[in-house]
Each structure stands twice: as structure tokens, then as C-alpha cells.
Amino acid sequence: MEEYLDTFQNLLIEYTPKVLTALAILIVGLFAIKFIVRASKKIMGKRGVDITLQKFLGDLISWSLKALLFVTVVSQLGVATTSFAAIIGAAGLAVGLALQGSLSNFAGGAIIMIFKPFKIGDLIEAQGVTGVVKEIQIFTTHLNTPGNKLAIIPNGTLSNGNIINYTAEGKLRVDLTFGVSYDADIKQSKEILMEVLASNPKVLKDPAPSVNVSELADSSVNFAVRPWANVADYWDVYFETTENVKLALDKAGIEIPYPHSVEIQKEG
């Protein structure tokens, strides 16, 4: 019993300073990490870094420093860090192989947040989906489609595919085609189409809208009508122009050709 007590006393004397030192390092380290993360976010906020990117980088700094702190505390207790590092490396490799898709999405999210091909509120088209960017998360991006549906796209495929940002330039061209009869006066038809565009306040003056003959089709002369609009007014201009063109051409007595079915009667 005396031998066990002596051994326990020796261990207590040997490890108590190490435990207290490790505990002190842990407490001070956690406070220091919290301060560093808070200061980093404050600096990024002053420099206008996107809020989502601020949170992402803040979490990355926090977890990296906590991992380093954990290794420091364990080494202070006398555990061999070389073996510990090997275990962490093997575990990291196993986790990486199991989560290849998630890590790809994680990397894609980092790329999107750093290079910013789009931001929250932009109208984009990607992976066959068109919608307004509602939220950019670490693994996925959420789009609100024109039909008010929520589309969730993995960041891995999103960052590696084609992205069309309709909002980036601030203005969009509306591409419309209207056909008139070959009997109609081309000059008059063109003037009517231009009047329709000029009378719509949502059609921008700069860039100027254009109306040009685009095709001499089988049964019609087709005009390429190209008004410009702000992104928010795109569909208003599209639908209003289509309706107003029909009304204006009808009022001027200009025919809009349409397919006719011809019935052939057989004799006998």
C-alpha cells in the first residue's frame, strides 16, 4: 500500500504542473481564438467582404486554431505528437475518401465566395435552372425560380459549370420576333413597331431599341424587335410589347400571317 501511495504521490507531483499548465493554455487559447476570429470578421466587414464569406472564413480560422490548440495541449501533457499527428492524418484521409462529394461542394462554395461570379439577389442561369440567388451556403446555393420554387444546387457542380449572370451588367435585351404579311408596307410596319417601343416607359432609351427585318420567311416578313430593359422589368417589357404590337398592327390594318389549313376534296 505504501508503495502504491508513493507511486501515486510521485505521479501527482510530476503531472500536476503539466495538467495545470495544459488547462491554462486551453483557457487562454480559447479566449485568444475568440478574439482573433472576432477581430478578423471586424476587419473583413470594414473592407466590404461579403457576409457569407466572412462567416465561412471566420469558421475556417476558428477550427484551424482550435485544432492547433488541441495538439499543443496534448503535447503539454506528455503525449507524443508525432504518433498523434499520424492518427489524425489517417483519420483525415479516411474521412476525405468517404466525403469526396461533400468536400467537392465545400471547395466549390469557397471558390464561389472568393471569386464571386454572382451574389445574393442576382438573377442567374446555371445547371439548367434560372432563378434569383436567395442564399449561398458552404455546400449548396439556393435559387428562387420565376415560379416561386426553391432550387438547391450543389456548389461543386455549380462552380464547375457554365453560369449566366443576367444581373451583372444591369440591363437586358429582350429578343422578340414579329411577322407581317408580304402585302404590308415594310416602312410603315417598322414605324409602328418603333412607336410601340417608344411609348413603353419601361423600355430604356440607352441602349436604344431597334427594329430590323430579320427574315423573308415563307409566308411573312419577320422583324427582329430588340428593346432593352432593367433586369426587374424584363418580363413586363416582354409581355407588354407582345400585346401592344398585336393591338397596333390590328389598328393599322396590317395582317399578321398565321398557318392556314387547306382541305382537298377528291373527285369521284
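The values are calculated or read from the model by the stated rules, or taken from the named source; none is laboratory data. No experiment lies behind these values; they were computed from the predicted model shown. All Cβ positions, even for glycine, are placed from backbone atoms using ideal geometry, and neighbour counts span all protein chains on display.
Annotations for the structure displayed:
- Residues located in the stretch 191-221, provided they are of a type in the set (Asp, Glu) and farther than 13 Å from Asn244 by Cα: Glu191, Asp206, Glu215, Asp218
- Among the residues here, Val203 qualifies as assigned by TED's automatic domain parsing to the domain that holds Phe178, crowded, with 16+ Cβ neighbours inside 10 Å and β-branched (Val, Ile, Thr).
- Cβ pairs under 7 Å, 6+ apart, first in the stretch 16-38 and under 29 Å from Phe56 (Cα atoms), second modelled with pLDDT of 90 or more and assigned to a helix (DSSP H, G or I): none
- Selection of the stretch 158-174 for residues being out of contact with any Pro (no Cβ under 6 Å at 6 or more places or on another chain), assigned to a strand (DSSP E or B) and either surrounded by fewer than 17 Cβ atoms within 10 Å (Cβ to Cβ) or free of Cβ contacts under 8 Å to residues at least 60 places away in the same chain (or both) yields Ile164, Asn165, Lys171, Arg173.
- Helices (runs of 4 or more DSSP H) contained entirely in the stretch 46-154, each with at least 2 residues that are of a type outside the set (Val, Ile, Thr), at negative phi and at pLDDT 80 or above: 51-76, 100-115
- Here Ala198 fulfils each of the conditions (1) touching a residue at least 12 places away in the same chain (Cβ under 8 Å); (2) over 33 Å from the mean Cα position of the chain (by Cα) apart from (1).
- Among (1) in contact with a Gly (Cβ under 8 Å, 6 or more places away or on another chain); (2) within 24 Å of Val132 (Cβ to Cβ); (3) surrounded by fewer than 15 Cβ atoms within 10 Å (Cβ to Cβ); (4) not acidic (Asp, Glu), the one test that Ala217 misses: (2)
- Residue satisfying condition, being of a type in the set (Gly, Ala, Ser) and closer than 28 Å to Pro117 by Cα, within set Gly179, Gly147: Gly147
- Here Asp233 clears all of (1) under 36 Å from the mean Cα position of the chain (by Cα); (2) at pLDDT 95 or above except the condition numbered (2).
- Any hit, the stretch 200-208, residues being touching a Leu at 6+ places or on another chain (Cβ under 7 Å) and in a helix (DSSP H, G or I): no
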